[in-house]
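Asks: Just dropping this structure here.
Coordinate-derived values only; no laboratory data. These numbers come from a predicted model, not from an experiment. Heads up, the Cβs are rebuilt from the backbone with ideal geometry, glycines too, and the neighbour counts pull from every protein chain shown.
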Amino acid sequence: MRGHDLLHPRPEGLYCPPGDLYIDPVRPVPRALITHGHGDHARPGNSAVMATQQTLDIMAIRYGADFAQTSQPADWGVPQKVGDVTVTFHPAGHVLGSAQIAVECGGLRIVASGDYKRRHDPSCQPFELVPCDIFITEATFALPVFRHPDSKAEIAKLLRSVRQFPDRTHMVGAYALGKAQRVIRELRDAGYDEPIYIHGALQKLCDYYETQGVALGALLPATLEKGSKKDFAGTVVVGTPSSFADRWARRFADPVAAFASGWMGVRQRARQRGVELPLIISDHCDWDELCVTIEETGAGEIWVTHGREEALVRWCELNGLRAQPLHLVGYEDEAED
Ligand SMILES: [Zn+2]
């Protein structure tokens, strides 16, 4: 069997003919396998969905319990037959419940990594290396200029600023699924045990992470109605990037605008967003980690998608690997990093 016969792009998403299934479809399909709960990978309206229990739970939180007609949980590392293929879910280290999906048929194994990272993240399962024949990698930060710093140092930078400006409110923008909980958990690991104030849009997912054993400490609603602006002086407020564009955000006392994202390594992006304190904390691999992972899978062929495909395809070819860009539509460049 050739790779293309096992998986290939269709307008709906990455299609597997022998399993009659799609991985992370962008349009509703009869059978979808979902890597993780971010909105550009997990969409409502599919008939049958297979994903890890945590991804199913997250989809229900975001879209309601009727996000699909039927759902089937995939246990970590347990092969399951779908049509003529065997599928296995392995941790991707991206957000809670995020999976790489291995698809096997006729002696050929393709691993669709979804979004993934190799760095330590106290809020989700660590990435697991899965040997395969063809590895499908994301390429969000696939340029040699992208080298993410240690996230502990970024958290320390935030805490230094909190100590330095006790009269100001530190407003940390972070995506609602994954990044927000990771930043909060890393603040706790760094010894910060004051209450952290959160925007209402984060409440349900933070509560869910708690039920899954990710302790986030004291979280309080960041609502100004309950007190005066001064109540938030010296505190850390975490909200979604969009909430910080609301009037809600402008009511805090002398805020320090911080933003936790891999893109904060690009000064121009930080400036465009009016970010005073950029925190380079990414849920994706940087360039070195992408290259190392590709080598470690032992795959002879690499399909590159979601981002800067050309540089990584070129790197693969220079290193003796067959490689091609996989042109999937509908995935956003920086929606949830
Ligand atoms: Zn993602």
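Asks: Hey, fewest Cβ within 10 Å first, where do PHE141, PHE89 land in order?
Replies: PHE141, PHE89
Asks: Something else now. Let me have the relative contact order for the chain, percent, based on Cα pairs under 8 Å that are six or more residues apart.
Replies: After rounding, I find 17 percent.
Asks: Hey, if you put +1 on the Cβ of every Lys and Arg and -1 on every Asp and Glu Cβ in region 151-279, which of LEU177, GLY274, ILE196 ends up farthest toward the positive end of that dipole?
Replies: GLY274
Asks: Can you work out the PRE-style zone for MET1? Point 7 Å along Cα to Cβ, and I want the residues of region 111-130 with backbone N under 20 Å.
Replies: In region 111-130, the label zone of MET1 (backbone N under 20 Å from the point 7 Å along Cα→Cβ) covers 111-114, 130.
Asks: Hey, another quick one. Which Cα, out of ILE58, VAL26, VAL237, lies furthest along the positive dipole direction of the chain (beta carbon charges, K/R +1, D/E -1)?
Replies: It is VAL237.
Asks: Using the number of other C-beta atoms within 10 angstrom as an exposure proxy, rank GLU12, GLU295 with the fewest first.
Replies: Fewest-to-most Cβ neighbours within 10 Å comes out as GLU295, GLU12.
Asks: Quick one: of LYS117/LYS157; LYS157/LYS179; LYS179/LYS204; LYS81/LYS117; LYS152/LYS179, which pairs are farther than 20 Å apart, Cα to Cα?
Replies: Flagged as over cut-off: LYS117/LYS157; LYS81/LYS117.
Asks: Let me ask something else about it. Counting other beta carbons within 10 Å of each residue's own, what order do CYS132, CYS291 fall into, fewest first?
Replies: Details: CYS132 22, CYS291 18.
With the fewest neighbours first, CYS132, CYS291 line up as CYS291, CYS132.
Asks: Continuing with this model, one more query. For the chain, with a Gaussian network of springs between Cα atoms less than 10 Å apart, report the residue from ALA139, ALA257, ALA102 with the top mean-square fluctuation.
Replies: For the chain, modelled as a Gaussian network with Cα springs under 10 Å, the answer is ALA257.
Asks: Once a ≥ b ≥ c are taken as the square roots of the eigenvalues of the Cα gyration tensor of the chain, is the result rounded (a/c under 1.5), prolate (a/b larger than b/c) or oblate (a/b not larger than b/c)?
Replies: Note, shape of the chain comes out prolate.
Asks: Please report the equivalent ellipsoid semi-axes of region 151-279, computed as sqrt(5 x eigenvalue) of the Cα gyration tensor, largest first, in whole Å.
Replies: Numbers: eigenvalues 73, 64, 45 Å².
Sorted largest first and rounded, they come to 19, 18, 15 Å.
Asks: If the only charges are +1 at each Lys and Arg Cβ and -1 at each Asp and Glu Cβ, what is the size of the charge dipole of the chain around the Cα centre, to the nearest 20 debye? Kindly include the intermediate steps, with their values, before the conclusion.
Replies: Details: 35 positive and 44 negative charges, 227 e Å.
Rounded to the nearest 20 debye, it is 1080 debye.
Asks: At 0.36 nm per residue, and after removing the present C-alpha to C-alpha distance, how many nm does the segment from HIS8 to ARG314 gain when stretched out fully?
Replies: Result for the pair: 108.1 nm of gain on full extension.
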